[in-house]
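See below for the structure under consideration.
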Amino acid sequence: MIEAGSGPATAEPRDSYQGYLYIAVAAVFWGISGSLGRGAFTGRLLPNSGVRDVNPLVLAQARTTFSFLAISLWLLPERGWKRLRLPLADVVRLLLLGLFGVAASNYFYYLAIQRTNVATAIIVQYTAPVWVLVYMVARGHERPTIAKMVSVLLALTGIALVIGLLGQGKLQLDAMGVIAALIAAFSFAYYNIGGHFILARYDHWTVLLFTTLAASTFWIVINPPNQIAAAHYSSAAWLFLLLFALLSVLVPFAFYFAGLQRLEPTKAIIASCLEPVFSILIAAVALKEVIRPLQTLGVVMVLGAILVVQRPARGGSVQPMAGPVD
């Protein structure tokens, strides 16, 4: 894992509240993009644009590639190459974070959906809070408080209810699919832990630039541009992919990394469990999907997990290990 060279730094409680707010905003945008994607690929949105013909792999590739191009066009003229030149060791750390964190979690999540179903992929990927807590406690970076353990349990149960896993028997097991979902979970945990430590030294825009660069490079190797060009997507489809990239990667990851600067990895990843919650709520409003009573209970449990985990431990507050770098 990526670790900062300096010791713990104190942060004001206001920074922690900002951290939760930033991650909540990221979850909202992920929820919006999820409903946008469902609307487009089911034909409810842009029915004659050819969006339904876009390969899911191309969708995942466009998300990071367009995001990298957008942030490059803004950040490079704004700061110049000299201000973005980092020590080689940190460049390697950032590229690994983008490759084995952002790109891998995205790729293996889609693979898990292909081999199993959405419910299975989500519930296995969102075991990530467990792995983050285990790692942080084992390394002595966080204390194994009752609040954290209870909040992890609440978050996992809440997500299971939100996605309709309990009571409807939607779990679909496939060895390769479950393995892919577990790898996605480990990758998700990795970029939360690694991202937190590297964000102690660099602002979230710099981190986002290098991580999307690594992810974009990965996708070019997996799916070269000539294969994309051969698909002959319409201009409307490409415009949708650009908008989808900004809403699903650039904006939410900017907020998520800003939140990760201000929170311990365990608290941040539990707050990220708001993503499926907002996806369900936004789909109910935008796509007229029905929210069942058990899903409502799941929403309450996820919100409860965030309230529980943010409470300070008995005997004093636990400060984040790294203050925000703005």
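The values are calculated or read from the model by the stated rules, or taken from the named source; none is laboratory data. As the structure is a computational prediction, the values presented were derived from the model and not from experiment. Cβ placement follows ideal geometry from the backbone for every residue including glycine, while neighbour counts extend to all protein chains displayed. Only protein heavy atoms, including side chains, enter the accessible area calculation; ligands, DNA and RNA are left aside. Shrake-Rupley method; radii C 1.70, N 1.55, O 1.52, S 1.80 Å.
Structure notes:
- Approximate spin-label separation residue 88-residue 21, in nm, with each point projected 7 Å along Cα-to-Cβ: 4.3 nm
- Candidates 268, 155, 138 compared by Cα position along the dipole of the chain: farthest toward the positive end lies 155, with charges placed on Cβ.
- Global geometry of the stretch 91-244, whether rounded, prolate or oblate, following the gyration tensor of its Cα atoms and the 1.5 cut on a/c: oblate
- Evaluated with a Cβ-only charge set (Lys, Arg +1; Asp, Glu -1), the stretch 49-150 carries a dipole of roughly 260 debye about its Cα centre, given to the nearest 20.
- At full extension, residue 78 and residue 239 could sit 55.4 nm farther apart than now, given 0.36 nm per residue minus the alpha carbon distance.
- Charge dipole (debye, nearest 20) of the chain; +1 at Cβ of Lys and Arg, -1 at Cβ of Asp and Glu: 180 debye
- Whole-Å distance, taken between Cα centres, linking the stretch 121-140 and the stretch 173-238: 19 Å
- Once the 1.4 Å probe is applied to the protein heavy atoms, the chain comes out at 45 Å² accessible per residue.
- Spatial separation of Cα centroids for the stretch 271-285 and the stretch 37-69, in angstrom: 20 Å
- Residues in the stretch 233-260 that a label on residue 48 would reach, taking backbone N under 20 Å of a point 7 Å out along Cα→Cβ: 233-241
- Dividing the helix sum by the residues of the chain, where each DSSP H run of 4 or more adds -39500 (n - 2.57), gives a mean residue ellipticity at 222 nm of -22500 deg cm²/dmol.
- When the Gaussian network model of the chain links Cα atoms closer than 10 Å, the mean-square fluctuations of 157, 212, 266 top out at 157.
- Computed log₁₀ I(q)/I(0) - Debye formula, equal Cα scatterers, no solvent, the chain, q 0.08, 0.15 Å⁻¹: -0.35, -1.30
- For the chain, carbon and sulfur atoms together expose 67% of the accessible surface, with a 1.4 angstrom probe and every protein chain in place.
- The trypsin sites (Lys or Arg not before Pro) found in the stretch 53-115 that occupy coil by DSSP, while having at most 15 further C-beta atoms within 10 Å, are 85.
- Contour excess over end-to-end distance, with Cα ends at residue 303 and residue 153 and 0.36 nm allotted per residue: 52.8 nm
- Of the residues 196, 232, 204, 141, ranked by 1.4 Å probe accessible area with the largest first, the sequence reads 232, 141, 204, 196.
- In percent, rounded to a whole number, the relative contact order of the stretch 95-224 is 50, using alpha-carbon pairs under 8 Å and six or more apart.
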